[in-house]
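J.: Here you go, one structure.
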Amino acid sequence: MTISELSLSVRDLACERGGRLVFDGLSFSLKGGEALVLTGPNGAGKSSLLRQLAGLLDVAQGVVAFEGGDPELSLGEQAHYVGHLDALKPSMTVMETVSFWRTYLGSIPEGADTALEALGLAHLADLPAAYLSAGQRRRLSLARLIAVPRPIWLLDEPTVALDAASVGRLVGLMTSHLAQGGMIVAATHLDLGLGETRGLRLGAEAMA
Amino acid sequence: MTRAFFALLARDLRLAVRLGGGGGMAVFFFFVVITLLPFGIGPDRELLAKVAPGMLWVALLLAALLTLDRLFQADYEDGSLDLLTMGLLPLELIVVAKALGHWLTTGLPLVVAAPLLGLMLNLPGEAYPPLILAMLAGTPALSFLGAIGAALTVGVRRGGLLASLLVMPFYVPVLIFGVGAADAATGGFAGEAGRQSLLLLGAVALASLVLGPLGGAAALRANLR
């Protein structure tokens with residue numbers, strides 16, 4: 001990953017779901033090596049914002065600009081999105097799952113082992129995903145982050161179902177991603193202890 | 001991009017083989033319908049031979065429809081489809097890979113099973129080559145046209161019925177020309193009408209190879225956002 005100087009800027013973003021305005025007038029900017037932590041009550045639009053950034057949800061209004069990446073690719077094609085659904089096929093083994101995403105998203109057919117080791121899944125490589133526990137399933141979907149290098153990580157509640165050791169492992173991976181100049185936007189209720197992060201609170205006025 | 005395409009195709013084939021759902025179920029359904037038919041019509045061999053091409057095609061169509069609804073829905077429900085769209089593969093090619101996978105695991109086994117089931121209906125010997133040729137040309141059209149219906153109903157619970165209704169009108173030309181090519185009354189493809197049917201069936205299939213991915217991708221785009 002050669003990231004010179006990434007910058008993501010969002011101006012006056014609005015999101016509409018089912019005819020209801022979830023948020024509007026949202027602006028922030030983020031540079032390579034920085035993490036943005038989204039907080040806010042349920043339904044404030046944390047997931048919607050992440051999906052908008054990933055290109056999975058239409059932008060009702062406003063501008064999302066990403067600079068410093070590959071100009072040929074859209075923001076979504078340079079980002080990882082880890083959402084609530086883990087996108088696992090019960091009949092595919094752990095190794096097959098990671099290899100598939102590595103080939104599909106990154107066109108790199110070999111070397112999925114390092115991703116499994118990074119998430120502590122190496123000993124489960126030949127087990128079908130159907131037999132994994134909730135925490136192991138989550139770790140397997142997080143393994144995509146390591147299997148395919150992409151500059152932006154969009155994480156929606158990445159720590160759900162993870163035990164303390166796995167949270168620590170994830171924080172370690174996030175820290176090294178930031179150290180390499182990557183960018184993270186994460187929605188979480190947990191204080192990850194990432195060190196210096198920027199916070200964005202959504203839906204604060206709706207609560208007041 | 002080629003690598004991503006084949007990775008997706010290989011994944012779909014692997015899933016279909018392991019789950020044993022799609023293709024196996026369609027062939028079994030095909031077998032059940034054709035087995036029951038002589039019991040319903042009666043053991044009149046002349047009559048069975050006459051209706052055989054039409055019945056084989058109708059049963060094949062229904063069997064293909066039966067497996068359509070899971071084409072995109074499984075990936076939609078577990079979040080895979082979101083991630084697939086974040087790859088470098090255009091949505092149109094994603095639809096091609098999935099429709100091709102559907103054909104290889106459903107359409108092709110049905111074509112292989114058809115001659116065996118033809119025996120049970122006393123299908124005349126000279127009708128086999130044109131029937132199989134017509135089915136080889138027509139079944140890809142079923143998968144690719146079906147992809148549009150499956151994409152339109154991807155977010156609908158139990159969308160299979162709705163997909164079948166949407167797709168049915170597009171299947172009618174395949175049925176008409178497919179039967180026309182194999183029908184003994186038209187002389188099979190030895191006859192002028194039979195040959196024309198086969199050519200028209202080929203045209204429908206080629207058109208569907210273009211329209212299916214375009215329409216399917218547009219429908220998925222509308223559904224995903």
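The values are calculated or read from the model by the stated rules, or taken from the named source; none is laboratory data. These numbers were taken from a predicted model, which means no experiment stands behind them. Neighbour counts run over all protein chains shown; Cβ positions are idealised from the backbone, glycine included.
J.: Can you name every residue in the stretch A:112-123 that is aliphatic (A, V, I, L, M) and either surrounded by fewer than 20 Cβ atoms within 10 Å (Cβ to Cβ) or more than 20 Å from A:Ala87 (Cβ to Cβ) (or both)?
T.: A:Ala122
J.: Something else about it: What are the pairs, 6+ residues apart or on separate chains, where a residue within the stretch A:34-51 that is closer than 10 Å to A:Gly199 by Cβ and free of Cβ contacts under 8 Å to residues at least 12 places away in the same chain has its Cβ under 9 Å from a residue that is in a helix (DSSP H, G or I) and among the acidic types (Asp, Glu)?
T.: Every condition considered, no pair remains.
J.: Can you confirm whether the stretch A:73-96 contains a residue that is over 17 Å from the mean Cα position of the chain (by Cα), modelled with pLDDT of 85 or more, of a type in the set (D, E, K, R) and outside the structural domain of A:Leu6 (by TED's automatic domain parsing)?
T.: Scanning the stretch A:73-96 turns up at least one residue that is over 17 Å from the mean Cα position of the chain (by Cα), modelled with pLDDT of 85 or more, of a type in the set (D, E, K, R) and outside the structural domain of A:Leu6 (by TED's automatic domain parsing).
J.: Look at the stretch A:80-110 and say how many of its residues are touching a residue at least 60 places away in the same chain (Cβ under 8 Å) and more than 7 Å from every other protein chain (Cβ to nearest Cβ).
T.: Counting residues in the stretch A:80-110 that are touching a residue at least 60 places away in the same chain (Cβ under 8 Å) and more than 7 Å from every other protein chain (Cβ to nearest Cβ) gives 3.
J.: Here's something else I'd like to know. Can you report the number of residues in the stretch A:3-24 which are touching a residue at least 24 places away in the same chain (Cβ under 8 Å) and either part of a loop (DSSP other than H, G, I, E, B) or at positive phi (or both)?
T.: 5
J.: Which residues, counting only those in the stretch B:80-101, are buried (at least 19 other Cβ atoms within 10 Å of the Cβ) and touching an Asp or Glu at 6+ places or on another chain (Cβ under 8 Å)?
T.: B:Leu81, B:Leu84, B:Met86, B:Gly87, B:Ala97, B:Lys98, B:Gly101
J.: Oh, and also: Out of the residues in the stretch A:50-79 that are crowded, with 21+ Cβ neighbours inside 10 Å and in a strand (DSSP E or B), state the one that is nearest to the other protein chains (Cβ to nearest Cβ).
T.: Among them, the one singled out is A:Ala79.
J.: For B:Thr35, which of the numbered conditions (1) polar (S, T, N, Q); (2) closer than 29 Å to B:Val210 by Cβ; (3) more than 17 Å from the chain's Cα centre (by Cα) fails to hold?
T.: (2)
J.: Counting only residues that are over 21 Å from A:Asp113 (Cβ atoms) and outside any strand (DSSP E or B), which one in the stretch A:139-161 is farthest from the other protein chains (Cβ to nearest Cβ)?
T.: Here the answer is A:Thr159.
J.: Just to be sure before I move on: is A:Leu140 farther than 25 Å from B:Leu9 by Cβ and among the hydrophobic types (A, V, I, L, M, F, W, C) in the structure I sent?
T.: The answer is no for A:Leu140.
Each row is one residue, and each column tells you yes or no for (1) closer than 21 Å to B:Leu131 by Cα; (2) within 14 Å of chain A (Cβ to nearest Cβ); (3) at pLDDT below 90.
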{"residue": "B:Leu48", "(1), (2), (3)": "yes, no, yes"}
{"residue": "B:Leu56", "(1), (2), (3)": "yes, no, no"}
{"residue": "B:Ala59", "(1), (2), (3)": "yes, no, no"}
{"residue": "B:Gln73", "(1), (2), (3)": "no, yes, yes"}
{"residue": "B:Leu84", "(1), (2), (3)": "no, yes, no"}
{"residue": "B:Pro90", "(1), (2), (3)": "no, yes, no"}
{"residue": "B:Ile94", "(1), (2), (3)": "no, yes, no"}
{"residue": "B:Ala97", "(1), (2), (3)": "no, yes, no"}
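J.: On to the next question. Going through the stretch B:25-60 one residue at a time, which ones are surrounded by fewer than 18 Cβ atoms within 10 Å (Cβ to Cβ), touching a residue at least 12 places away in the same chain (Cβ under 8 Å) and of a type in the set (Phe, Trp, Tyr)?
T.: B:Phe31 - this is the single residue of the stretch B:25-60 that is surrounded by fewer than 18 Cβ atoms within 10 Å (Cβ to Cβ), touching a residue at least 12 places away in the same chain (Cβ under 8 Å) and of a type in the set (Phe, Trp, Tyr).
J.: Whether any residue in the stretch A:111-123 is outside any helix (DSSP H, G or I), over 22 Å from A:Ser166 (Cα atoms) and modelled with pLDDT of 85 or more is what I want to check.
T.: no
J.: Return only the number of the condition from (1) without any contact (Cβ under 8 Å) to a residue 60 or more places away in the chain; (2) in contact with a helix residue (DSSP H, G or I) (Cβ under 9 Å, 6 or more places away or on another chain) that B:Pro124 does not satisfy.
T.: Evaluating B:Pro124 over (1) without any contact (Cβ under 8 Å) to a residue 60 or more places away in the chain; (2) in contact with a helix residue (DSSP H, G or I) (Cβ under 9 Å, 6 or more places away or on another chain) leaves (1) as the failure.
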